[in-house]
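Note sheet for the following structure.
The values are calculated or read from the model by the stated rules, or taken from the named source; none is laboratory data. Model, not experiment: these values are computed from the prediction. Don't worry about glycine lacking a Cβ; one is built from the backbone with ideal geometry, like all the others, and counts go over all protein chains shown.
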Amino acid sequence: MVTILLYADRLPPLVGGMEMHARYLIEHFTGHPRFPLSAIVTKDRAGADQIIGETPEEPGIVFFNSGRWIEDLEVLRARHPKALFVYRTGGNEILKAPLERVTIPDHAARQAWWASRLNASIDLLVTNSAYTEKRLLDLGVRTPFARCVGGVNVAALERPPRAPGPVTIFCAARFVPYKNHALLLDVVHRLLEHGSDLRLRLAGDGPLLGAAKDQVRSLGIDPQVEFLGVLDNEAACAEIAAADLYVQLSGDVPTPVPGGQYLHSEGMGRSVLEALSAGTFVIAGRSGALPEVITPERGLLVDLGSPETIAGQLEPLVAEPPRPGSTDIYAWDRVFTTYEQLWEGHFATPRRH
């Protein structure tokens, strides 16, 4: 038996990628016969560590689902010298390289500091794409990678029969620059001008939500656009499964940080994986890691640029939405089975950091 100590940045009811990973990892490994989860360390509102459960003196696996503990890795590594240190990342937080207590004004120097701490302490970096791995290699990260693409609650993605009426386009994404809602709204405006019968449903919140609502009003498309607010995972999956098309025009956006900037990109996109799993046809920007998962039978990649050009590509799909079959290749069970296989391999031939 090998116990797991989980360092989870945030927990449900928040609904981001880290929170969903924590939720399903906790469900899967609580009471696991081989790899039981013994305790969770998270952060309270003041940023202090909060422990849930009984912390083992000698955990077999110390698992991080974010870089929140980057400044504590050296201490934690010394505290648990025999444990396997695993860190699951989408890549963007490592590129952003934030620090809370250590002061390094230059962004490139902060990135190098992150890379050095990961190389010194982490035994296995679980990644989501070849795109993420290349970005981390370019940054100087030399920790062994284990690619694991997925993280979908397939039970919540049962596709209902299509209801009569306008074609439904759905997008679940935070209203932040790299999600490109402004471009999506321009594309929908042009489709409506061309006579397409559709409605757009948007889930999420974020700093650009107000700007998106203003844009909808200025374009005069209020009757066809509905803002749903933040949805829990089951509700978002129900929307994805019921939609005719899932459209997310995420791009690669230079993002300023103190002392420099980094490129914020779609490392994979959980909602995109959920749509692919449901059999809802996906239209996405040709950016980040999305070309690794979107294939012609399940989706369309578009170059991000002219709204008129993108609208022209979408018109035949709105007129007759494809309905690919569902798939379970991105299911949480498959993700955690991969974890188990990785850990079995490690503990069968013990290695120490």
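Got at least one residue in the range 65-75 being of a type in the set (K, R), in contact (Cβ under 8 Å) with a residue 40 or more places away in the chain and farther than 29 Å from G140 by Cβ?
Here is the first cut: in the range 65-75, the residues of a type in the set (K, R) are 68.
Then drop every residue that is not in contact (Cβ under 8 Å) with a residue 40 or more places away in the chain, which leaves 68.
Still in the running and farther than 29 Å from G140 by Cβ: none.
No: zero hits.
Matching residues to (1) outside the structural domain of S277 (by TED's automatic domain parsing); (2) of a type in the set (A, V, I, L, M); (3) surrounded by 13 or more Cβ atoms within 10 Å (Cβ to Cβ); (4) modelled with pLDDT of 95 or more:
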residue	(1), (2), (3), (4)
V293	no, yes, yes, yes
L300	no, yes, yes, yes
A311	no, yes, yes, yes
T338	yes, no, yes, yes
Q341	yes, no, no, yes
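In the range 216-234, which residue that is outside any loop (DSSP other than H, G, I, E, B) and among the aliphatic types (A, V, I, L, M) is surrounded by the fewest Cβ atoms within 10 Å (Cβ to Cβ)? Give the derivation first.
Restricting attention to the range 216-234, the residues satisfying the condition of being outside any loop (DSSP other than H, G, I, E, B) are 216-219, 222-229, 233-234.
Now drop any that are not among the aliphatic types (A, V, I, L, M), which leaves 216, 219, 225, 228.
Working: V216: 22, L219: 17, V225: 22, L228: 15.
In this case the residue turns out to be L228.
Could you look through the range 124-142, keep only residues that are without any contact (Cβ under 8 Å) to a residue 40 or more places away in the chain and assigned to a loop (DSSP other than H, G, I, E, B), and pick out the one that is nearest to A109 (Cα to Cα)?
G140
Filter the range 143-177 down to residues that are touching a Pro at 6+ places or on another chain (Cβ under 7 Å) and assigned to a loop (DSSP other than H, G, I, E, B), then give me how many there are.
The first filter runs over the range 143-177 and keeps only residues touching a Pro at 6+ places or on another chain (Cβ under 7 Å), leaving 167, 175-176.
Right, trim to assigned to a loop (DSSP other than H, G, I, E, B) and you get 175-176.
The number of residues fulfilling the criteria is 2.
With surrounded by 22 or more Cβ atoms within 10 Å (Cβ to Cβ) and under 23 Å from the mean Cα position of the chain (by Cα) as the only criterion, which of L304, L276 stands out? Spell out the reasoning first.
Details: L304 fails: surrounded by 22 or more Cβ atoms within 10 Å (Cβ to Cβ).
Exactly one of L304, L276 is surrounded by 22 or more Cβ atoms within 10 Å (Cβ to Cβ) and under 23 Å from the mean Cα position of the chain (by Cα), namely L276.
Cβ contacts < 6 Å: first residue in contact (Cβ under 8 Å) with a residue 12 or more places away in the chain, restricted to the range 233-246; second residue of a type in the set (D, E, K, R) and in a helix (DSSP H, G or I), any location; separation 6+ or different chain. Result?
Between residues of the range 233-246 that are in contact (Cβ under 8 Å) with a residue 12 or more places away in the chain and residues that are of a type in the set (D, E, K, R) and in a helix (DSSP H, G or I), the close pairs are C237/E274; I240/E274.
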